[in-house]
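These notes are about the structure you will find just below.
The values are calculated or read from the model by the stated rules, or taken from the named source; none is laboratory data. Everything numeric in this text was worked out from a predicted model, so none of it was measured. With ideal geometry, Cβ positions are generated from the backbone for all residues, glycine too; neighbour counts draw on all protein chains shown.
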Amino acid sequence: MSSRTDEDPLVSVVVPTYYRNDLLAETIRSVRAQSYSPIELIVVDDSGDGHAEPVATEFDGVRYLELTRNRGANAARTAGARRADGRFVHFLDDDDVLYESKIERQVRVMRRNPDVGVVYTGIDKTGDRTDLPKPSVRGDVLEFALMFEMWPCMNSTMLIREGVLREVLPLSDRRAANDLELMIRLARRTSFEFVDEPLLFKRIDDSSLGSSMDAVSGRIDIVEAYDDLYAAHADSVRRTALANTYETEGALLLRREGWSMRAIGSLLRHLYYAPTGKPKALSKVVAACLGKPGWRAANRVSSVLSASRN
């Protein structure tokens, strides 16, 4: 049941899009179907040739913003955020789908917690998997952000106070890992909270930037760019960030190649940098030696053990 009042603040949803008209319409419908209002929807077309205009203008009330050339997703987000009139801003990828109560429930948390600048949620994702926030990743989350341990906090799950977001604009222009850097920049300025339910459906496939090797180079770039910030924290924070980065690299190589000496090398680097949990890290190296089947089996066992502990 909705708990809205006549004084509910405007929420701006910014959807950057790049040649995904086949999925964009469903994303727009999920925004239009929200139980919360008022919402303004801004579609930022990053194609440079107006490719998304027929889809965006099919829906009444959608604000369509066309960039004159392809500038990248974060440039599109920045352009949309600067046009937004809402007290809260929600970035939404053009292949993700909001569940009906997502924005309403996030606004409710914001209104109860005026010192919180970001509220995120859990997700359902391709492959019938559900990922929920870790109970500890709330409040001051800067160390979690620096360690790349914020999942499932990301662009499409966050609702951000406009005043906080304004302080970090323009968003950085990296090939990948943009959401990881945004979380670091936000965490330096505000507290985080979450809704402990999956309120977004996320499509994840091999074409996603988060599933490409650019995600690895983007993380390494962040560690280098924020060297002073990492130096101000315990060495374990930087080591965890690098361990997570090389684990990601190993997993991507195994997914792509089935068996890979490079993947084994990446997971050995993961083992080297991991500040804790060395036996678990070593088991990943062993699993990689068995190729993709061994890696999948190890992940299934790890998931079962994690579920039993929870």
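The set of residues in the stretch 226-240 being surrounded by 14 or more Cβ atoms within 10 Å (Cβ to Cβ) and either in a helix (DSSP H, G or I) or at pLDDT below 95 (or both) consists of Leu229, Tyr230, Ser236, Val237, Arg238, Arg239, Thr240. Is at least one residue of the stretch 176-189 out of contact with any strand residue (DSSP E or B) (no Cβ under 6 Å at 6 or more places or on another chain) and more than 30 Å from Asn113 (Cβ to Cβ)? Yes; the residues of the stretch 176-189 include at least one that is out of contact with any strand residue (DSSP E or B) (no Cβ under 6 Å at 6 or more places or on another chain) and more than 30 Å from Asn113 (Cβ to Cβ). All told, Gly210 falls short of being modelled with pLDDT under 95 and in a loop (DSSP other than H, G, I, E, B). As a summary of the residue check, Leu132 satisfies the conditions (1) exposed (fewer than 15 other Cβ atoms within 10 Å of the Cβ); (2) in contact with a strand residue (DSSP E or B) (Cβ under 6 Å, 6 or more places away or on another chain); (3) aliphatic (A, V, I, L, M) except for the one numbered (1). Thr126 meets each of the listed conditions (1) farther than 27 Å from Asn21 by Cα; (2) out of contact with any Phe, Trp or Tyr (no Cβ under 7 Å at 6 or more places or on another chain) apart from (1). In the stretch 248-260, the residues that are of a type in the set (A, V, I, L, M, F, W, C) form Cβ pairs under 7 Å with partners that are outside any helix (DSSP H, G or I), at six or more places apart or across chains, as follows: Leu252/Met213; Leu253/Ser260; Leu254/Ser260. Within the stretch 70-91, being over 19 Å from the mean Cα position of the chain (by Cα) and at pLDDT below 95 holds for Asn70, Arg71. In the stretch 18-55, which residues are farther than 19 Å from Phe201 by Cα and of a type in the set (S, T, N, Q)? Within the stretch 18-55, Ser37, Ser47 meet the criteria.
Residue-by-condition table, conditions (1) in a loop (DSSP other than H, G, I, E, B); (2) small (Gly, Ala, Ser); (3) in contact with a Phe, Trp or Tyr (Cβ under 6 Å, 6 or more places away or on another chain):
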{"site": "Glu167", "(1), (2), (3)": "no, no, no"}
{"site": "Pro170", "(1), (2), (3)": "yes, no, no"}
{"site": "Ala176", "(1), (2), (3)": "yes, yes, no"}
{"site": "Met183", "(1), (2), (3)": "no, no, no"}
{"site": "Asp196", "(1), (2), (3)": "no, no, no"}
{"site": "Ile204", "(1), (2), (3)": "yes, no, no"}
{"site": "Glu224", "(1), (2), (3)": "no, no, no"}
{"site": "Thr245", "(1), (2), (3)": "no, no, no"}
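For (1) acidic (Asp, Glu); (2) surrounded by fewer than 18 Cβ atoms within 10 Å (Cβ to Cβ), each residue gets a yes or a no:
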{"residue": "Val15", "(1), (2)": "no, no"}
{"residue": "Gln34", "(1), (2)": "no, no"}
{"residue": "Ile39", "(1), (2)": "no, no"}
{"residue": "Gly48", "(1), (2)": "no, yes"}
{"residue": "Val55", "(1), (2)": "no, no"}
{"residue": "Glu58", "(1), (2)": "yes, yes"}
{"residue": "Ala76", "(1), (2)": "no, no"}
{"residue": "Phe91", "(1), (2)": "no, no"}
{"residue": "Val97", "(1), (2)": "no, no"}
